[in-house]
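Below is one structure; the comments refer to it alone.
The values are calculated or read from the model by the stated rules, or taken from the named source; none is laboratory data. Nothing here was measured: the structure is a model prediction, and the numbers come from that model. Neighbour counts are summed over all protein chains in view; Cβ atoms, including those assigned to glycine, are modelled from backbone coordinates with ideal geometry. Just so you know, the surface numbers come from the protein's heavy atoms only, side chains and all, with ligands and any DNA or RNA stripped out. Shrake-Rupley method; radii C 1.70, N 1.55, O 1.52, S 1.80 Å.
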Amino acid sequence: MPIASHKEGVLDHAYELKDRLTRIARADIDASDKQPGWKFNECEMQGIPLRVEVGPKDMEKGQVMLARRDTGEKQAVTLKALEQTITATLEDIQRTMYQKAKERLQEKTSHAHTIEDIEQFLSQENRLIKAMWCGDEACENDIKEKTGAASRCIPFEQEAVSDTCVCCGKPASDMVFWAKAY
Ligand SMILES: [Zn+2]
């Protein structure tokens, strides 16, 4: 059957591509008989960031189709530019995801200057609070008692929300992330 042999040709080609791609990324192949649409959905659900599609027509043209999970963009790529494009696209996906996560965190973070600020911010959903702390455990306990917020971490990347401790008003030593303790 011509169709079968055609398909086998594509499959051999796909395995060659997989060998090439394994050198630059984690690559796997879906060689099942399922419909393309089904395979694409499966890919989505597994969270595969980049899908390489290859069919008889792509093979004739010496190209593959690249599909990004994060943006839904599809792009034809020549076999010559395969490794280079995939490496660049994976890097871009990484960068975009990191940026989005960072923005989400910033959106949820509030700067508190007083204990009242902390109380108010905590009444909003999923709040993370940045506030200055003097380093005294007594203040940490006081904040927890009054607001229900516990210190979550002292980030390496410090930022001066203010000069004084949110609790006692003495000079602050660290900027601390606070969040509700459950
Ligand atoms: Zn203090």
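Return the residues of segment 115-130 that are over 16 Å from ALA181 (Cα atoms) and either away from the ligand (no atom under 16 Å from the Cβ) or open to solvent by less than 50 Å² (accessible area, probe 1.4 Å) (or both); say none if nothing qualifies.
Passing the criteria: only ASP117.
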Taking segment 53-85 as the search range and keeping residues that are modelled with pLDDT of 95 or more and of a type in the set (Val, Ile, Thr), which one is farthest from MET97 (Cα to Cα)? THR78
Considering only residues that are buried (at least 18 other Cβ atoms within 10 Å of the Cβ) and more than 12 Å from the ligand (Cβ to nearest atom), which ones fall in segment 131-150? THR147, ALA149
Tell me, please, whether a residue that is open to solvent by 30 Å² or more (accessible area, probe 1.4 Å), free of Cβ contacts under 8 Å to residues at least 40 places away in the same chain, under 18 Å from GLN120 (Cβ atoms) and more than 8 Å from the ligand (Cβ to nearest atom) can be found in segment 153-170. no
Take the residues of segment 13-58 that are in a helix (DSSP H, G or I) and among the acidic types (Asp, Glu): which is least open to solvent (accessible area, probe 1.4 Å)? ASP58
When segment 29-54 is checked residue by residue, the ones that are over 21 Å from the mean Cα position of the chain (by Cα) and under 18 Å from ILE86 (Cβ atoms) are ILE29, ASP30, GLU53, VAL54
With ALA88, ALA81 as the choices, which residue is more than 30 Å from SER162 (Cβ to Cβ), small (Gly, Ala, Ser) and under 17 Å from the mean Cα position of the chain (by Cα)? ALA88
